[in-house]
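Read the structure below first, then the notes.
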Amino acid sequence: MNPILAGAIDIGNTRIKILADGQFFAADLNTNWQEPMHKYLWNFSGKQVLFGVSSVNPDVYAQLESELKKRSNVRWNPLADIVRAQTLIDVSGIQGIGSDRVLSLIGALHHNLQHNPTLVAPLITVDCGTAVTINAANTRRKCLGGAILPGVGTQLRALHHFTQLLPEVEPGFEDATSGTNTAQAMRIGVVRGIGGAIKEIVESIVGKEFQGESPLVFITGGDAAMVQRALGDWRLQPQHEQHLVLYGASALMSQWMQEYTAGKQSANELTSGFAQIVA
């Protein structure tokens with residue numbers, strides 16, 4: 001029997017991303033993503049693939065399941081149970097934290113270990129999507145929680161929806177610091193406001209939780225490049241990694257597969273059904 005490939009799928013509010021065997025796929029959810037996804041999956045014909053799925057979009061996850069059932073060589077399961085059982089990032093004491101936030105920290109840790117294996121530093125991830133999440137872990141890999149605020153598009157839509165005169169505005173970065181028309185003023189207020197909020201929250205975490213020790217900061221998500229421009233010449237320049245959650249999911253799946261095949265996983269940890277899939 002051929003070895004089983006470990007893969008990862010990240011379903012956000014606007015995009016779906018897949019990584020398996022070093023091959024990447026991404027599509028906007030407002031397109032016909034199913035057809036190109038099947039073309040991508042043809043790359044694995046004749047191979048068995050086991051996907052761990054991270055999703056913040058239940059409707060799209062249901063559509064994904066329907067599509068994956070058409071592939072006899074593909075199996076999948078939500079990553080939530082393995083995220084809860086993993087020991088890479090300690091999330092004990094943090095209530096209700098989403099798998100995507102944990103996976104972003106695992107992705108940052110994996111990136112650090114790959115590029116700077118001897119560097120031990122606190123970690124902060126900033127995920128700029130429908131919501132902006134800021135997530136922190138100390139040098140002992142203990143998750144400290146973080147902050148959540150509305151993303152760029154969410155804030156712009158809210159301004160249009162809850163006011164009588166403010167227009168619907170597409171997200172974008174403005175070089176100007178003072179808007180000379182309404183749309184420009186809205187973009188400046190929202191994008192630069194998010195940049196300012198990130199600086200304030202992260203600097204507070206660094207001062208109070210990290211005792212001033214500079215962390216490795218990663219920024220990810222669809223609006224990451226735009227928000228990073230708003231951060232300007234901030235001393236804690238984030239590393240832009242567009243697919244941090246997906247890489248975290250992939251790293252976690254690879255580790256789980258290695259531990260399972262080596263017989264190191266306890267029965268209590270195999271609560272998600274992955275063991276039955278691999279068996």
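Computed from the coordinates by the stated procedures, all read-outs in this text should not be read as laboratory data. The structure presented is a predicted model; accordingly, all values stated were derived computationally and were not measured. Counting neighbours? That spans all protein chains shown, and the Cβs are built from the backbone with ideal geometry, glycine included.
Using Kirkwood radius over Cα pairs in Å as the read-out, say which of (i) 20.8; (ii) 18.9; (iii) 20.0 was calculated from these coordinates. The value matching this structure is (iii). Relative contact order, whole percent, for the stretch 127-190 stands at 23, derived from Cα pairs under 8 Å and 6 or more residues apart. If you stretched the chain out fully between A121 and I94, how much longer would it get, using 0.36 nm times the residue separation minus the C-alpha to C-alpha distance? Roughly 7.7 nm would be gained on extension.
Roughly how many whole Å is it from the C-alpha centroid of the stretch 6-27 to that of the stretch 104-137? What the calculation gives is 19 Å, centre to centre.
When only the Cβ of Lys, Arg, Asp and Glu is charged (+1, +1, -1, -1), the dipole of the chain relative to its Cα centre reaches about 460 debye. For the pair A197 and E67 in one chain, pulling the backbone fully straight at 0.36 nm per residue adds 42.8 nm over the alpha carbon distance. Each label was represented as a point 7 Å from its Cα along the Cα-to-Cβ direction; for E168 and L113 these points are 4.6 nm apart.
Counting beta carbons within 10 Å around each of M253, M186, M226 and listing the fewest first gives the order M226, M186, M253.
May I ask you to derive the FRET efficiency for T87 and T177 from their Cβ-Cβ distance with R0 = 35 Å, giving the value to the nearest 0.05? That pair, T87 with T177, gives E of 0.15. If the chain linking A185 and Q237 were pulled fully straight, counting 0.36 nm for each residue of separation and taking away their Cα-Cα distance, it would gain 16.2 nm. Within the stretch 150-222, the GluC sites (Glu not before Pro) that combine a DSSP coil assignment with at most 13 other C-beta atoms in a 10 angstrom radius are E168, E213.
In a reduced charge model with +1 at each Lys and Arg Cβ and -1 at each Asp and Glu Cβ, the stretch 95-215 shows a dipole moment near 360 debye about its Cα centre.
Look at the dipole of the stretch 120-242 built from charges on Cβ: of T163, G193, I134, the Cα furthest out on the positive end belongs to I134.
Using C-alpha pairs below 8 Å separated by at least 6 residues, the relative contact order for the chain is 21 percent. The count of lysine pairs in the chain with alpha-carbon distances below 27 Å, taking only pairs 8 or more places apart or on different chains, stands at 14.
Think of the stretch 120-242 as having a plus end and a minus end, set by charges on the Cβ of Lys, Arg, Asp and Glu; of G212, V202, T182, G212 sits farthest toward the positive end of this dipole. Distance between the 7 Å Cα→Cβ label points at T139 and D59: 4.7 nm. Summary of the geometry: the stretch 191-225 and the stretch 39-89, compared by the centres of their Cα atoms, lie 31 Å apart.
If you run the Gaussian network model on the chain, springs between alpha carbon atoms under 10 Å, then out of N181, N73, N135 the most flexible one is N181.
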